Amino acid sequence: MQKISVLLFLAWVSFLFYAGIALFTSGFLLTRWELTNHSSCQEPPGPGALPWGGRGEPGACWMASRFSRLVLVVIDALRFDFAQPQRSPVSGEPPVSLPFLGKMGFLQRLLESQPHHARLYQAKADPPTTTMQRLKALTTGSLPTFVDAGSNFASSAIVEDNLIKQLSSTVDSDEWDVLITHFLGVDHCGHKHDPYHPEMAKKLTQMDKMIQGLVKRLKNDTLLVVTGDHGMTISGNHGGESELETSAALFLYSPRALFPSAPAEEPEIIPQISLVPTLALLLGLPIPFGNIGEVIAEVFSEIEDSQPRFSALAQASALHLNAQQVSRFLHTYSATAQDLQVQELHRLQKLFSKASADYQRLLQSPQGAEAVLQTVIPELQQFLRGVRAMCIESWARFSLVRMAGGAALLAATCFLCLLVSQWATSPAFYFGPLLKPTASGLSGAMVCAGLLASTGLKLDSMVLGAMAAVGSLLPFLWKAWASWGSKRPLASLLPMPGPVLLLLLIRFAGFFSDSYIITEARVAPFLLISLILLLVARLHWEGKLLPPKLLSIPRLGFLTPAGPPQYSAMHAVGLGVGLLLCIRLAGLFYRCHEETPVCSSSPLLSPLRSTVDGRTKNLWYGACVGALVALLASVRLWLHCYGNLKSPEPPVLFVRWGLPLMGLGTAAYWALASGADEAPPRLRALVSGASVMLPRAVAGLAASGLMLLLWRPVTVLVKATTGAPRTRTVLTPFSGPPTSQADLDYVVPQIYRHIQEEFRGRLERTKSQGLLTVAAYQLGSVYSAAVVMALTLLAFPLLLLHAERISLVFLLLFLQSFLLLHLLAAGIPITTPGPFTVPWHAVFAWALMATQTFYTTGHQPVFSAIQWHAAFVGVSESRDFTWLSAFLVGANTFASHILFAALPFSEAVGCPLLLLWPFLCENQGSQKRRQPPGNEAEARVRPEEEQEPRMEMRLRDAPHHFSAALLQLGLKYLFVLGIQILACVLAASILRRHLLVWKVFAPKFIFEAMGFIVSSVGLCLGIALVMRVDGAVSSWFRQLVLTQQKAGEQSSLVCTGAGLSARKAQPHLLPPCSQDLLASGTSLFYNSRS
Amino acid sequence: MKDTDIKKLLYTHLLCIFSIILSIFIPSFFLENFSILETHLTWLCICSVSVTAVNLVLYLVVKPNVSSKRSSLSYKVTRFLKCCIYFLTSCFFFHVIFVLYGAPLIELALETFSLAVILSTFTTIPCLCLLGPNFKAWLRIFSRNGVTSIWENSLQITTISSFVGIWLGAFPIPLDWGRPWQMAIEGKHSISLCTRHGAWHCHTSNLILVTIVQGRFHPHFYT
């Protein structure tokens, strides 16, 4: 029951995190679906005759073209006031003189001298005002957002219908029709200095001259468009939605008269995307399918016809075409995605059909429809503007409330993790109070949501989830607040030791700096190495590394060290150095972040296929297979060491035979994949078939292995013997007088034990009855063995998804986690009965290592670094993007997260190992007489009467503390990850105007969030696995007792009840085990006396 | 006894700081184009030599540790040689640590090594002066409750703060501010130049701090 509640509680905390992430995401990441439909000349956007009978005529499409050429000059970051004409100063006002004002003199002269030819507009760009998004808007006429969800998120080309595509598909002649130039100087100048710098004036003057030169060469049939894609702030940056960033200049000029009237005093404000339909119709092209811009009506007036009615009619027809196209888009879009508001959509459709009917009426009775004409144009404009407003509302606006809410929820959850993990360390910790407020809050939130839904209030699922989360969180925090009292100081909330806190803070702060995110691949190992050195140094500082002799000071005898050292100095230092080496070597596998200026990715990351030289290829292949073999061998060796390999259980059989088979499959797959090009043509089909089947086979084997493991997780060898086994305590040879307390501690119990055995032996000989003994081997490492097996099984399919040489990284990863666990275990005292603690530095080191492995497996938190090829492993043909391939790519990207959560319970699966390891290490301590690096939970000074290594059975003996420790571990890991997410979220929201927000911070947030989700799921699965093992062990004990009872013995139950401490049964226990049993690993005897 | 020790400590620390500051300004009179940033290797050499010299002189003058019983020439020579070996070993040890920390193995090896040398002058040389080539004594100093005198205490604090300083010095490396002291390492991932500055800043400021702190807390020490 407790175990279930631990799992439930962790799941609930994860849910809180997810709700926070989702709420923040819905406010921050603007999303929109991309449609791939295209407009074409042959398909008019709606029913009704096309004006001017445009259909069929060459060069004319929906509308006859009015310009045959276009010169489009995009000046990056040309803010509106850069191009604004300088009015002569009004009397009384002092003339303003800023470096960027009035520098585009030529434009001003054109506007004044040719009012019917030139026009300046203030174009309002939609946020995000970053160049990529703006250029996309300027060609598609839509509202590009950060994530344009579609067939592919990492596209380098625009897949939506756009002007350029229309141009290239419609027109093909040798002469140029369109000239597009993009000047980056102004933008660069703004970033480097700011708009108030004299350089800006120079740059603008330069641009002005360029335009002057251009205008001189313009022919009569050419339209000149000068536009900025966005503005800039006072400091010269852009990306956000402030007035200065969104206002860009838009300047139209044609050598022919284009405008019927002189410009207004103040230039008109139009949306930037109006340019797209306008240009399309002016050039005689179909308007791009996804455009939601509104044509600039005045350029469609008929200048030659002096009759205002014709002018208005022409404007109406352009607007109507535009409206038809927008309506068609809305129809298609709302059929694909549901993110537009339904009511608003209906209202707009009604508006459109009314306007359309009016327009038809106008066409049928051309005479005397003056009044109708007056209403049609505003109606159409109203429709177009309504659509735009609706789209902006749902696609292109940061919702600050949601962002803040998400961040607050995340922060509160982190706090909760801290609080509860703190409670869980106290001995008097009960689960009841944890679940009650949670359950009540959750149900309350459900009821609330139900009520709201029944009243017809439409609520986002995000908001609903967040409400549920807050609803369940609040009672909890309130209870915590109430029980807080005044006695506990606030300092107890910061349970972390100072150095770890400092490192965590550095990591937290690092997320706010783009440089640190870009170089995180180097920063994470740096912090990890620092943490490791710190650990070793601290062990030394506390006098745990050196024998007391060295530390005692001859002159001043009163300074005695706290206790005998437990670990040999060389051992700990060796572990540390090994770790540093591993980290450094793994650092060789380095992929560059796309923003790093001078950098080359490591060639080791490319697949072997791309290696040209045959010999090198073979050598590398050998190395990879070697790594594979080493990986397998080390896992087997580990299991052998702890004796779990002797068990007859199916999972162990699988490890013995299935794992090598999987290794073989992997190696064969690599051989095929790297040498596929060299295969003789006859064998091509076979090779391609095999390279599809092999990964599937490996994945299938891994899955079946996991199933087996879940079915029979107890890998224990049981031997039942009747009669007293003639066991003898192993006496380690020991010569010379004991020199230290430690020696005495060791020798005296042995002597005692020996004597005890002698006596008992004599007693037994006098009795006729023998003892029934059941020997169970490997019980001590039963939890870890299951987790390690699961990890190994997971590692193989993940390995297949990476390039071959990453196998070396995987080997390093396993080695590194092994060393780290040992080192961590060295520093953790094991309190035998009491609450087990998982120290913060262990959890933090684990999380850092997960991050480091993410980078060393060749990933970077940018979309361009996603390894898409993983989607084709084991998939027969390159099909479209499916869920399967998404899954494969995801598994490739977050492999490190998956593996690490499970290890003690790794990144996803590794974390549990953090808890279990110290117990394992205890074994070594007693066996080899080396001071053991304790497993996380167990190692300290073993009480003298405890004779055999109990290892993980200690955990079982205190089930309550075991669950508390599991909970603690899970919460601490979630806290460390949650802090990272929180930092990402805060950075993204504070720096949402930052130049690199869409390049660095937002992708980092997305990757971190995905990684968090994967990690938390893995964590829960890992803990579930440990619980499954625990349950299986319990039932195994029960069975054991039952069989003994059936055998007719009136056995008193020893050591089976979970609450019964093994030590109480000590008098009935036989002395430990014979030498060969010990050698085969952990052994425990549970026997019952007849 | 107490007061004289504190005074001596103060003067030695002041002298050390003074020598570091002098090593910045004096060479510019003798050498053409000398500046900390551009000819940093030269400066480092000068700095480490001057610090070593000052330490040695102070050691000979102040004699903080109990003089050993033996004073034969051969004993002194072996002791000196041992010291040299210890110093070199520590240089190589630090070099290895830097490489493990991420410094490039081959390129910039000279820079990395000079960093190791300067770190050694800040840490190993005071240890050698105070404790002699006795590794066990060093280990004792750097454990809890291992310190027995004010001199050892100051040694402990200055050495640890030198390590911390050199560690802190690595933090500006990833930043893209384009400052001249960053430009000196332009794009190369090396924990050399920045960290060097970090080390001596910290060392210097801590020399001062230590004196003050110790002056204040000294009375507690022997109680």
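Computed from the coordinates by the stated procedures, all read-outs in this text should not be read as laboratory data. Note that the structure is predicted; figures quoted are calculated from it, not measured. A quick note on method: Cβ atoms are made from the backbone with ideal geometry, for glycine too, and the neighbour counts reach across all protein chains shown.
Quick notes
- Extended-chain gain in nm, criterion 0.36 nm per residue less alpha-carbon gap, A:Arg760 and A:Ser40: 249.3 nm
- Simple label model, 7 Å out from Cα along Cβ direction - B:Glu107 to B:Arg144, nm: 4.6
- Cross-link table A:Lys103/A:Lys999; A:Lys136/A:Lys999; A:Lys103/A:Lys192; A:Lys124/A:Lys354; A:Lys972/A:Lys999; A:Lys479/A:Lys972, entries beyond 24 Å C-alpha to C-alpha: A:Lys103/A:Lys999; A:Lys124/A:Lys354; A:Lys972/A:Lys999
- Averaged over A:528-538, number of beta-carbon atoms from partner chains that fall within 10 Å: 2
- In segment A:216-272, the GluC sites (Glu not before Pro) that fall in loop regions by DSSP, at most 14 other Cβ within 10 Å: A:Glu265, A:Glu268
- Sequence-distant residues sharing a close amide H with A:Leu223 (under 5 Å, placed H): A:Arg69, A:Leu70, A:Val71
- Within the shell defined by Cβ-Cβ distances under 13 Å, the residues around A:Asp194 carry a net charge of +1, with Lys and Arg each +1 and Asp and Glu each -1.
- Efficiency of FRET between B:Val164 and A:Glu594 - r from beta-carbon atoms, R0 22 angstrom, step 0.05: 0.05
- The value given for segment A:198-262 is a Kirkwood hydrodynamic radius of 14.0 Å, derived from the mean inverse Cα-Cα separation.
- FRET efficiency for the pair A:Trp481 and B:Ile21, taken as 1/(1 + (r/R0)^6) with r the Cβ-Cβ distance and R0 = 60 Å, rounds to 0.65.
- A Förster radius of 41 Å combined with the Cβ-Cβ distance from A:His346 to A:Phe863 puts the calculated FRET efficiency at roughly 0.65.
- Taken one residue at a time, the phi angles of segment A:652-665 give Karplus couplings (6.51, -1.76, 1.60, θ = phi - 60°) of 5, 4, 5, 4, 5, 10, x, 4, x, 5, 4, x, 4, x Hz. Gly and Pro are set to x.
- Considering all C-alpha pairs of segment A:169-328, those separated by over 20 Å amount to 62%.
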